[in-house]
1. Largest first and in whole Å, what are the equivalent-ellipsoid semi-axes of the chain based on the Cα gyration tensor, each being the root of 5 times an eigenvalue?
2. Can you give the relative contact order of the chain as a percent, counting alpha carbon pairs under 8 Å and 6+ residues apart?
3. Pull up the cross-link candidates among the lysines for Lys34, meaning alpha carbon to alpha carbon under 20 Å and not fewer than 8 places away within one chain.
4. Among 149-156, 207-214, how do they line up from the highest to the lowest mean number of other beta-carbon atoms within 10 Å?
5. Can you tell me the dipole magnitude for region 121-221 around its Cα centre, using point charges on the Cβ only (Lys, Arg +1; Asp, Glu -1), in Debye to the nearest 20?
6. Using only the alpha carbons of region 185-246, what is the convex hull's orientation-averaged projected area in square nanometres?
7. Nothing charged except the Cβ atoms of Lys and Arg (+1) and of Asp and Glu (-1): what's the magnitude of the dipole of the chain about its Cα centre? Round to the nearest 20 debye.
8. Looking at region 99-140, which chymotrypsin sites (Phe, Trp or Tyr not before Pro) are DSSP coil and have at most 10 other C-beta atoms within 10 Å of their C-beta?
Amino acid sequence: MELRYRATVEYDGSEFLGFQYQACGRTVQGEIEKALEKVTQQRVRIVGAGRTDAGVHAVGQVVAFNVVWRHSAEELQRALNAVLPMDIALRDCKVTHFGFHPRYDALWRQYRYTVWNGPVRSPLWQRYAYHVPEPLDVPAMQKASQYLLGSHDFAAFGKAPQGSNTVRRILQAEWLIEGKRLMFDITADAFLRHMVRAIVGTLLQIGRGQRAPEEMAVLVQSGARRLAAPPAPARGLCLMSIGYAD
């Protein structure tokens, strides 16, 4: 009997062209679907909660798929992890209802952007953090982040994945410090394309003293993409978790 499964996926996005399947090139979706076909002998199409870009990582991506499997969900998880490449793993897997959709049922999503802020680069973190050698004014970046909270039109920082609605509700936006690592955590009901990276790029300009913190509020109100900073590099971004009603 066919069942619907829900799984949390972790991956190092460094060697992928992104999450979404492409006819040419390595993608997270493509690798998971190949693993499913190898394990179940069925061609299965998965659905993901978010289409992360090339180079973006995840520890909390959520996928769903329908498949005929005669064993437990835990055994399916183990079988898939045994054949998946080393840069992807299913952190969990369970049966869900057929109406579950990872993207449309999501209530919120949390991303983390990591900056390595020190004069010397870190070889161990170079795949997962953006190296900024000059000192950054973290209190100024923290202050600027507060202007993002609430519901606003974020057209200055990205484009809608579908349609033209660029209003999003930011629930959390704050910087954390762990040694030379500066981590920007941002949670919202949904995000625009490249939104987090454009926000981080702008916050880093503020941290370098190139903009005042109050300019963040002006940028949000302007809706002009040309006024915000270019996106920060993809390697510092990670999809951390996605919230659902259940």
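1. Working: eigenvalues 243, 80, 42 Å².
Square roots of five times the eigenvalues give 35, 20, 14 Å.
2. Working: 564 pairs, mean separation 57.4, N = 246.
Here the relative contact order equals 23 percent.
3. Answer for Lys34, where 20 Å is the Cα cut-off: Lys94, listed by chain and number.
4. Details: 149-156: 17.5, 207-214: 15.8.
Top to bottom by mean Cβ count within 10 Å: 149-156, 207-214.
5. On the way: 12 positive and 9 negative charges, 77 e Å.
Charge dipole of region 121-221: 380 debye, to the nearest 20.
6. On the way: hull surface 20.6 nm².
So the Cα hull casts an average projection of 5.1 nm².
7. On the way: 30 positive and 23 negative charges, 88 e Å.
The dipole of the chain has a size of about 420 debye.
8. Details: sites: Phe100, Tyr104, Trp108, Tyr111, Tyr113, Trp116, Trp125, Tyr128, Tyr130; in loops: Phe100, Tyr104, Trp125, Tyr128.
Qualifying residues, ordered by number: Tyr104.
Every number in this text was worked out from the coordinates using simple rules, so none of it is lab data. The shown structure was predicted, so the numbers you read here are calculated from the model rather than taken from an experiment. Glycine gets a Cβ as well: all are built from the backbone with ideal geometry, and neighbour counts include every protein chain shown.
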